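Reading through the structure tokens given below for one structure.
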Amino acid sequence: MRKLLSANFARLWKFGFFWICMGFMLGYSLVYMLNGCRQALALPEISFTLDQFYFHSALSVGAFCACLTSMFLSAEYGDGIVRNKIVTGALRRDIYLSNLVLVFTATLLLLGVWWIGALAAVPVLGVWKMRFSELLIYLLIAVLFTAAFSAFFTLVSMLCENNSAAGVVSLILFCGLLLLAALIDNSLSQPETISGYSVTIDGIQTVKPQSLPNPHYIHGQWRVILQYVLDFLPTGQGLQMWLLEIADTGQVIRMMLSSVLITVVTTICGILFFQKKDMK
Amino acid sequence: MEYVLRTNDLCKSYKSCKAVNGLSMNVPKGAIYGFVGKNGAGKTTLIRLVCGLQEPVSGEYTLYGRKNWDREIVKSRRRIGAVVETPSLYPDLSAEDNLKQQYRILGLPSFDGITEILKTVGLENVGKKKAKHFSLGMRQRLGIAIALAGDPDFLLLDEPVNGLDPQGIVEIRELILKLNRERQITVLISSHILDELAKLATHYGFIDNGRIIKEISAAELEETTKKCVYAEVSDTKALARVLDEMRMEYKILDERTTCIYAKVMVSELVSRLSGEDCEVYSLQEKEESLESFYISLVGGADHA
């Protein structure tokens, strides 16, 4: 395993696409945060904080993870490197795990670059308004759902030898999960009541607006289930992190456990399938 | 005889297609084993099975004394190097960097042997040129260099000269012979280019429809396919009498043609036959090639 990791990381440092992603992530964070600074300067009456912008990467890191994983692992397949590792007597389990560790580390580095680049907004927006412990929890959740993304896309790329197919499947999966999370979040964000109409004649209000129940508001058990699903999905976690909607300790624990569960289950399934896979 | 690889009734299917169907073969230590068969006969599948890339459906194989179901088989695999179909290499790295990567995968403590390996395969002067800019022959040699990185005792080469130009073919042949003679590496080469194999192999395994139909050493094959003189005469009985007197080995093929397995003194033979009132129409020296031997094994009509 140590040998495979050493070879993997030596390869990563020479993998051009990784550095392209790193550069893009840095540029993306700088542009996004400077835009936040511009808004803050243009609208001084609104109190903008660093927190509102800082976790935007939580949304997009999954897409970068999908691209990087499929590009790196598919290249390994296409160039016969995975085959070569097996021929040299490396265990398939070790090959899988070393690739997962590599993908996870590379994605964390991308996330890290974003976070570092985002500090460019500190002179204008100041530092985080949330407590330090809260910030650490947010970062930990991000690290864990990055692990979940890595495990997920490693599974896809390790079981799909076709370079382009692995990339397309990974991106479609990510987009599907992001869309699902957005739909659930939208449903859960519906207000419980909506304002009725008011009638005004010559500036005198004759009919006062009444509070009406919102037909789209989700009640009871369904609301709980959907919140659990949203907390379970890595994209759901990313979305809530960006919107700063992570509220209570229960939710934090749920999110962390979900990420760990996804990572472990996906990895076990991936290793089992990879053990049985016929290599060409 | 000590064997590096033995397979016993090995089977491998892809859906309904039986790629390897009860294959039994023995690769002696120190041999250059020519694995001969047409496309789709099961050569590459057998190599994939031995390399651990695929699992057999039934049957077993023994690699350096360890059965394929033994957990310790990975230790035997560490003694092999392989180039399966296309060479496994990083296209955007130089030959030296490719070898460094292989050294890391193998966990070798230093990069000391790299220069020597590059020299062995004739790539010592390629500098920083990336592998993707190599010619096919250079890529093939780099693939062999990577396979040699762990100092293997057994090399499996799947169609190593496929697509190479004549110069490339000669280079690979010389390299294989050098590795076998100087480093005592046992080599298994699969190929359907029979003339090329005939210049290398010390042993042959002929495969057809997923099973070995004949295993033979080069010496035995030479005996079987030895030179003969085709004599076309008017009276084969007279010829038989003369050849018996001259103590020559022969085989009558039809009422006019006889195959003589000996060096023929033409003038003496013609003179003696003349005394027997036998006309000589033609004398033609022929050598049965590996190709004709193979075709006679697998059935000419389907494989000509």
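Each value in this text was obtained by applying a stated rule to the coordinates, not by laboratory testing. Values in this document were obtained by computation on a predicted structure and should not be read as measured data. Every residue, glycine among them, receives a Cβ derived from its backbone with ideal geometry; neighbour counts consider all protein chains shown.
Brief remarks follow.
- Debye, to nearest 20: dipole size of the stretch A:1-98, +1 on Lys, Arg Cβ, -1 on Asp, Glu Cβ: 640
- Taking N as its residue count, the alpha carbon Rg of the stretch B:1-124 over 2.2 N^0.38 Å: 1.22
- Estimated dipole of the protein assembly as shown in Debye, rounded to 20 [Cβ of Lys and Arg +1, of Asp and Glu -1, Cα centre]: 1700
- Note: relative contact order over the stretch A:101-220, using C-alpha pairs below 8 Å and six or more positions apart, is 17 percent.
- Most mobile of B:CYS259, B:CYS278, B:CYS228 in a GNM of chain B (Cα contacts under 10 Å): B:CYS278
- Signed unit charges on C-beta, dipole axis of chain A, positive-most listed residue A:MET241, A:GLY23, A:THR88: A:THR88
- Under Stokes-Einstein, with the Kirkwood radius over Cα pairs as Rh, the value for the stretch A:75-127 at 25 °C and 0.890 mPa s is 179 µm²/s.
- Inter-centroid distance (Cα atoms) of the stretch A:95-143 relative to the stretch A:259-274, Å: 23
- Loop-located chymotrypsin sites (Phe, Trp or Tyr not before Pro) in the stretch B:3-111 (DSSP state other than H, G, I, E, B) with a sparse environment of at most 14 neighbouring Cβ atoms within 10 Å: B:TRP69, B:PHE111.
- Working value for the stretch B:213-264: equivalent-ellipsoid semi-axes of 25, 12, 8 Å, each the square root of 5 times a Cα gyration tensor eigenvalue, largest first.
- Debye, to nearest 20: dipole size of chain A, +1 on Lys, Arg Cβ, -1 on Asp, Glu Cβ: 1100
- Long-range tail of P(r) for the stretch B:164-241 (Cα pairs > 16 Å, %): 65
- Placing one equal scatterer on every Cα of the protein assembly as shown and applying the Debye formula, the log10 ratio I(q)/I(0) at q = 0.08, 0.10, 0.12, 0.13 Å⁻¹ is -0.72, -0.95, -1.15, -1.26.
- Cα convex hull, chain A: 169 Å³ per residue, rounded to a whole number.
- Equivalent ellipsoid semi-axes - Cα gyration tensor, the stretch A:183-280, angstrom: 46, 14, 11
- When the pairs B:LYS12/B:LYS67; B:LYS43/B:LYS130; B:LYS43/B:LYS129; A:LYS277/B:LYS12; B:LYS29/B:LYS251 are compared against a 25 Å limit on Cα-Cα distance, B:LYS43/B:LYS130; B:LYS43/B:LYS129; B:LYS29/B:LYS251 fall above it.
- Of the trypsin sites (Lys or Arg not before Pro) in the stretch A:1-35, the ones in a loop by DSSP (not H, G, I, E or B) with at most 16 other beta carbons within 10 Å are A:LYS14.
- Axial C-alpha extent at least 20 Å, average Kyte-Doolittle at least 1.0 - helices from chain A (DSSP): A:16-42, A:57-78, A:92-118, A:132-159, A:163-188, A:249-276
- Bins of 5 Å, starting at 0 and running to the largest distance - Cα pair percent for the stretch B:193-280: 3, 12, 20, 17, 9, 10, 10, 10, 6, 2, 0
- Panel note: the C-alpha atoms of chain B, placed on their principal axes, show extents of 80, 46, 34 Å (largest first).
- Members of A:LYS276/B:LYS214; B:LYS38/B:LYS75; A:LYS280/B:LYS38; A:LYS276/B:LYS75; B:LYS18/B:LYS75; A:LYS280/B:LYS100 lying beyond 22 Å, as alpha-carbon distances in this model show: A:LYS276/B:LYS214; B:LYS38/B:LYS75; B:LYS18/B:LYS75; A:LYS280/B:LYS100
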